[in-house]
1. Name the residue from Ala528, Gly597, Ala562 whose Cα lies farthest towards the positive end of the charge dipole of the range 503-597, charges +1 on Cβ of Lys and Arg and -1 on Cβ of Asp and Glu.
2. Taking amide hydrogens as modeled 1.01 Å from N in the peptide plane, which residues meet the under 5 Å criterion relative to Lys130, leaving out close sequence neighbours?
3. Counting Lys +1, Arg +1, Asp -1, Glu -1, what net charge surrounds Pro514 among other residues with beta carbon under 10 Å of its beta carbon?
4. Cα centroids of the range 733-787 and the range 310-338: how far apart, whole angstrom?
5. Students sometimes get this wrong: rank Trp74, Trp329 by accessible area, probe 1.4 Å, all chains present, largest first.
6. For the range 206-300, how big is Rg over Rh, using alpha carbon atoms and the Kirkwood form of Rh?
7. Please turn the phi angles of the range 737-749 into ³J(HN,Hα) values with the Karplus equation 6.51 cos²θ - 1.76 cosθ + 1.60 (θ = phi - 60°), one per residue in order, whole Hz, x for glycine and proline.
8. Cα centroids of the range 187-253 and the range 511-535: how far apart, whole angstrom?
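The values are calculated or read from the model by the stated rules, or taken from the named source; none is laboratory data. Small disclaimer: the values here were computed from a predicted structure and weren't measured. Don't worry about glycine lacking a Cβ; one is built from the backbone with ideal geometry, like all the others, and counts go over all protein chains shown. Accessible surface is based on the protein model in full, side chains and every heavy atom, while ligands, DNA and RNA are left aside. Shrake-Rupley method; radii C 1.70, N 1.55, O 1.52, S 1.80 Å.
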Amino acid sequence: MSKKQSLDRRDFLKLAVTGAVLQQVSGVYSVTTSDTVSVAEKSASGLNERTVDADTLKMLRSGAQCHWLGRDFWGNRLQDWRLSDGRIECVCDVKGPDLRTVSLLTREMALGKTAGSIRATIGRISPKGKGFGGFLIGAGAGKLDYRAAALVQKSSGENGGMLCVIDTEGRTSFREHSDEDQPFLYGEIPSKTAAGQATYGGGEVNLVLDIMPDAVGGTFTLTLKAEENGVVVSTSTLPGISDAALTGGVMLVSASTSGPDGARYWFRDIDTTGEKITPQPERALGPVLGTLFSLNGPVMKLSAQLMPVAPTDPQEATLLVRADDAAEWRTLASQKLGSGFCATFRVENWDDTQDWQYRVAYAEDGTGNGRAANYDGIIRRDPRHGRRQFSIGLHSCTTATSRDLDGGSVGLRKLPQSRHLGRYTGDNIYFPYAETVKAAHHHNADMLVFAGDQFYESSPTPKAMDDAPLLDYLYKYYLWLWSHRELTRDRPTLVLVDDHDVYQGNLWGTSGRPAPEKNQDLGGYVKAAEWVNMVQQTQCGHNPDPWDPTPVKQGIGVYYCAFSYGGAEFCLLEDRKFKTGPVEGASLNAHVSELLGDRQEKFIAEWGAKVKDAEARICLTATVLACAQTSPEGLPFTDVDSNGYPPLARTHAVRLLREANVLVLSGDQHLGSVIRLGDETFTDGPITFSGPAGSTSWTRWFEPATPLANAGDTPNTGDFQDAYSNRMRVLAVANPSISFAEYREHIKGRSQAIGDRNLKAEGYGIVNVDLDKRSYKLECWRWDADPAAPDAKQYAGWPMTFGFDEVARA
């Protein structure tokens, strides 16, 4: 083996596992000793998830009980379905009538004059209540990414498909699921329904949907037949259905029409046949959903996120690596699944001078063939080896949908300029963010920064914390990771947790205390500390080691840190955790206002002194240190969610960052901007680039009523003093296409929500760091722009370039 192939170089082969004791704060295991883990190498030769066998729908894990249904399935919501002894069971227990779905991810109804069939054994979990169960076809109408189509669920709406079901009386029928005006009616579609040879006895039935092309006209006839004990109890026939009405995703459905005591259904022996229903094996999902990793010189940390596997399933994952041109895989470590079904590896003595292939292997037992489930990726060499440039993708704030998928017919209050947002259309469903992910692949940034609000707690379904806080969180977090995993599997990704990630509209963490009366406006965390730690572990456990890992109040961990990458030095701040709110208790008693807190202020000073000779220095934080917002009248706007508040603590932070000579990158405010922060003047602080939101509803504006002094070449720029008297010079801003004044003409009150993306200014940022030119080039792109097009344009005012020596002060 050549020197390049050898894993012994720089002691790389000496990596293994320490004792199996989970670190309390960072939640990772260290891989530092020379004891190798005994893991069968054959696990490394298993099947990569991208090439899963097509015929797996019947392969439900015998004896397993959990909320991961298997590779071929996606349950809506995660907590509403479980796998139990080879059956998929609906366990939803909500108030009022309800309908829940399971997407058959690896099946799709295709266009074409061919026949197909769907069958399943279906039964009621209890004899009580009314409802129906069966199939949903045409989900997404072939107009959505299959992942977006997999979210079709409770609310009927445009492209919602058709229900093919049997009710609790044993009667088959076809029902509407595309009605925007009456989303919970599920009205019956007139068809020919005939009783069978026997009366339905209430037991399990074999439900079969046959799809046959008609002899003429290019249409199809649907026949739905239910058999109990081998005897037909009901048959429904629906002729003259267009091909377009059938195209799309295929789903299982369980509906209650009588509230919490309504019918719940289970399914097994699910099968599809015929050319009309095409297998899509590459769409299989799990058991490893995705990975996140970071590089910090000789330390690599990687988190593998699994689906919620059963207690009887294997409870550890294994990390293997090989050099880019090597044939043999080498096992580094096995780690137990921690909080949130996440396994995190910490590897020392990492050789960052070359690319490494990695594999997360999970021994998926109980599938009938004992195969391994592998998830592969590449950890690229640090760009500081061989080149003097690198780039950063800056992303934040991604909601899955504009209208929630459990809601009624009323969505966001409409503006005259707004388009109708059909429930199951690309106008309403942003997930899986196909345009921005495609653009990110084009930019091919060396490193990604997700600055917070990876999801919003009320999208795509309202938050449900009382009955299943873990599963509700995972259902929404999985959507984010599922969307971005092809990016995060082969480049370092830094993640910051923001308020919506911990299910709060605003977060003034007050050093980790519990929020009085569970009221976020009184400061502190509303959710339990162990749940907050789980959120941080799944999203941030792979980040570089904390600077000072001492937990804050309630034992909530911290993740503020420093790291080196690409020839630059980075610091990452937690500007929510220590911040105090405007009211710190049940009364308006005065309190000492904090932003970063003593610990992080000390950290910035120490880090800045340590890296004072570095060429490039960058600070990552969730929120801009300013309140760059104006009212509908164009006056300074107050927003304590911004880091313009509290002003004294904000000014102290600005001074510390100025001394550290950093470029500051952030998100959160949903308003793309480049601002020179001010202290005593408008320009004696560092440059901060706040990227636009990826996809949200809440909108902000910066539209001063009168022209500002020292304005640039684009509108709404110049010297500005915010509502907290903080000085700044706004150098570029990406406002919505509709003004705040025009918005308020039609929508009164406090709302700032917009659903139509054509009226908003969403997107992402790119930061190009050039060590030879000693410069930062800042780019700001619209979400649907094609950066590969010859005439591609960024938001007005971008790109902007600053020298290393001018980012701290003008």
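1. It is Ala528, whose Cα lies furthest towards the positive end.
2. Correct list: Thr257, Ser258, Ala263.
3. Numbers: positive: Arg513, Lys518, Lys527, Lys553; negative: Glu517.
Local charge sum for Pro514: +3.
4. Spelled out, the Cα-based centre of one part sits 41 Å from the other.
5. Details: Trp74 5, Trp329 35 Å².
Greatest to least solvent exposure: Trp329, Trp74.
6. Numbers: Rg = 20.9 Å, Rh = 17.8 Å.
Ratio of gyration radius to Kirkwood radius: 1.18.
7. Each residue's phi maps through the Karplus curve to give 7, 9, 6, 5, 5, 5, 4, 5, 4, 9, 10, 8, x Hz.
8. Cα centroid of the range 187-253 versus Cα centroid of the range 511-535: 51 Å apart.
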